[in-house]
Amino acid sequence: MESEDDFDMQDANESAEDDDFYSGGDDGDDAGPAYAFDSDGADDADDYEFIDNDTDDSDDLASHRQQNFSILSEADIRQRQEEDIIRISSVLSISKVSATVLLRFYNWSVSKVHDEWFADEENVRKAVGLLDKPAVQFPDAKELTCGICFETYPWDRLHAAACGHPFCNICWAGYIGTSINDGPGCLVLRCPDPSCGAAVGQDMIDVLASGEDKEKYYRYFIRSYVEDNRKTKWCPAPGCDYAVDFVVGSGNFDVTCRCSHSFCWNCTEEAHRPVDCDTVSKWVLKNSAESENMNWILANSKPCPRCKRPIEKNQGCMHMTCTPPCKFEFCWLCLGAWTDHGERTGGFYACNRYETAKQEGVQYDECEKRREMAKNSLEKYTHYYERWATNQSSRQKALADLQQMQTVHLEKLSDLQCQPESQLKFVTEAWLQIVECRRVLKWTYAYGYYLPEHEHGKRQFFEYLQGEAESGLERLHQCAEKELQVYLNAEGPMKEFNEFRTKLAGLTSVTRNYFENLVRALENGLSDVDTHVPCNRSGSSKSLGGGSSRGRRSKGSTSRSSGPNKNVDDSSHWSCDQCTYANANSATTCAMCQHPR
């Protein structure tokens with residue numbers, strides 16, 4: 001296990017070039033200068049010549065991703081624990097039991113134990129509970145009195161820690177059992193004597209605890225090595241017992257466990273590169289918060305003028321009647337009593353009073369502004385959330401298709417086309433690329449949601465890159481999903497299969513390059529864009545959410561061109577970052593979610 005000093009001195013830039021897990025091919029896979037795309041190049045046959053089919057890209061991909069972390073099984077954890085204990089025991093010339101107590105106290109940091117011990121051994125012993133000599137001499141008598149139950153027992157039925165305070169085996173077993181059942185605190189157990197701080201080591205646990213209690217104790221002991229060490233964490237997947245040892249300072253936080261679960265080592269959410277952890281946290285909170293329900297109520301309902309309950313208009317007439325017991329009848333537009341309305345005020349489908357009040361700029365205008373802002377905010381969130389969720393479901397479907405391909409279809413394809421499975425790795429690589437790109441594309445919609453509206457240049461550049469990447473992904477997905485079926489349903493070998501191999505491998509390479517550019521740009525904060533350059537919205541081929549500049553879309557593509565682009569230009573309000581509620585400028589906290597401005 002590395003020392004704390006070793007990994008604290010890691011250069012964060014050391015592996016900046018190596019940790020890009022999208023690169024996995026030959027030098028020929030280079031897409032050229034970043035962000036420089038040929039609008040028709042991805043459709044040309046020349047693009048399909050990037051892949052060398054003899055290169056095992058999946059192995060390269062795995063090696064790149066494994067550089068900054070390692071997966072630990074329970075056996076690996078036990079082995080590392082034992083190695084650290086032996087190292088401390090031999091260097092400090094103390095017993096393994098004492099070395100274990102020291103390491104537990106200093107959270108399994110070997111370097112911290114060395115530093116503190118050699119700086120002031122006496123204070124360390126006192127703090128940890130490792131005594132040089134017994135506090136009291138163990139009485140040399142045939143019978144002794146237990147310090148807890150005060151019963152007299154033969155001397156061989158009593159035990160004492162290093163301090164020398166004798167207690168009977170029954171009391172020891174009860175004390176240890178209670179501590180173990182109370183939780184991980186049993187790992188720092190001290191002598192039962194209130195005035196004594198001597199540590200109780202594992203040797204006494206082994207002798208005095210019951211079999212069930214010992215099993216629990218060693219379970220806590222194993223877990224402490226992971227949970228108290230800032231370099232290691234458990235895989236958050238349900239039922240997974242693997243831990244991840246991470247090289248701190250290596251840059252990329254995305255790791256993949258042996259159980260196939262990918263997650264961010266920093267925040268333990270699912271892997272979300274290139275989006276930062278703060279954005280993911282806000283997005284996940286927004287998806288689960290009640291603020292969107294309140295936004296919907298504000299945007300699509302009005303309060304009854306009498307009882308103030310929100311009412312949704314579900315028919316065309318402006319004549320509204322509140323539900324019992326209120327039963328108040330009022331006008332939907334001006335919220336005035338219906339008894340004051342009729343032919344002279346515009347009838348059932350209009351309200352002259354409302355129009356007049358709106359032109360005069362009285363309170364109706366203020367309410368409508370806030371309602372319009374809430375409606376626009378809700379439409380924006382719905383736009384991005386739908387696409388986020390759609391890509392999530394597409395990724396889950398792609399994972400299932402990948403598993404089906406590996407377990408069933410690959411063998412069938414090998415038999416039909418008379419080719420060994422080793423020559424069909426390009427199909428698996430394509431599906432792996434689809435799964436990874438769906439994940440990245442999903443999180444770009446969370447990124448786009450929080451991209452400031454006023455940074456027009458960044459937004460246009462983001463939408464362009466996102467559109468190019470998604471367009472390439474849709475072509476790859478359709479080729480792997482639809483066109484492959486022709487060869488799976490064939491009755492025998494087809495001479496066109498080699499052309500299909502070249503096409504699918506080429507699309508995999510092109511799509512990888514598109515997503516490399518997208519990831520690189522987002523991780524750099526779209527820094528290549530001058531945000532002060534004025535943006536001509538009318539000349540853009542894409543609206544909110546990004547769209548392909550080519551305007552071509554495969555059958556399964558999710559169109560983004562209809563995204564909401566309405567924005568209320570109102571300097572008297574500010575939009576909450578947490579729930580996007582429109583608040584008055586005088587407010588310092590959001591009226592909806594209490595988030596500070």
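The values are calculated or read from the model by the stated rules, or taken from the named source; none is laboratory data. Note that the coordinates shown come from a computational prediction; the quantities given were computed from them, not determined experimentally. Note that we place each Cβ from the backbone using ideal geometry, even for glycine, and neighbour counts take in every protein chain shown. Surface areas here come from the heavy atoms of the whole protein model, side chains and all, with no ligands, DNA or RNA. Shrake-Rupley method; radii C 1.70, N 1.55, O 1.52, S 1.80 Å.
Worth a mention:
- Estimated from the Cβ-Cβ distance and a Förster radius of 22 angstrom, the FRET efficiency linking residue 415 and residue 260 is about 0.25.
- Accessible area of region 193-245 divided out per residue, in Å², using a probe of 1.4 angstrom: 47
- Once the chain from residue 203 to residue 369 is taken as fully extended at 0.36 nm per residue, the excess over their C-alpha distance is 52.5 nm.
- Residues within the reach of a label modelled at residue 400 (point 7 angstrom out along Cα to beta-carbon, backbone nitrogen below 20 Å), restricted to region 259-281, are 260-262.
- The chymotrypsin sites (Phe, Trp or Tyr not before Pro) of region 135-242 meeting both criteria, a DSSP state outside H, G, I, E and B (loop) and at most 11 other C-beta atoms within 10 angstrom of the site's C-beta, are 150.
- Kirkwood hydrodynamic radius over Cα pairs of region 67-106, then Stokes diffusion coefficient at 10 °C and 1.306 mPa s, in µm²/s: 145
- Calculated FRET value between residue 281 and residue 498, using beta carbons and R₀ = 45 Å, to 0.05: 0.40
- Whole-Hz Karplus values for region 386-401 come out as 4, 6, 4, 5, 5, 5, 5, 5, 5, 5, 4, 5, 5, 4, 5, 5 Hz, taken residue by residue from phi with 6.51 cos²θ - 1.76 cosθ + 1.60 and θ = phi - 60°; glycine and proline positions read x.
- Spatial separation of Cα centroids for region 75-101 and region 198-262, in angstrom: 16
- FRET efficiency for residue 119 and residue 585, using Cβ-Cβ distance with R0 set to 60 Å, rounded to 0.05: 0.60
- Close amide H partners of residue 190, meaning residues 5 or more places away or on another chain with modelled amide H under 5 Å apart, are 200.
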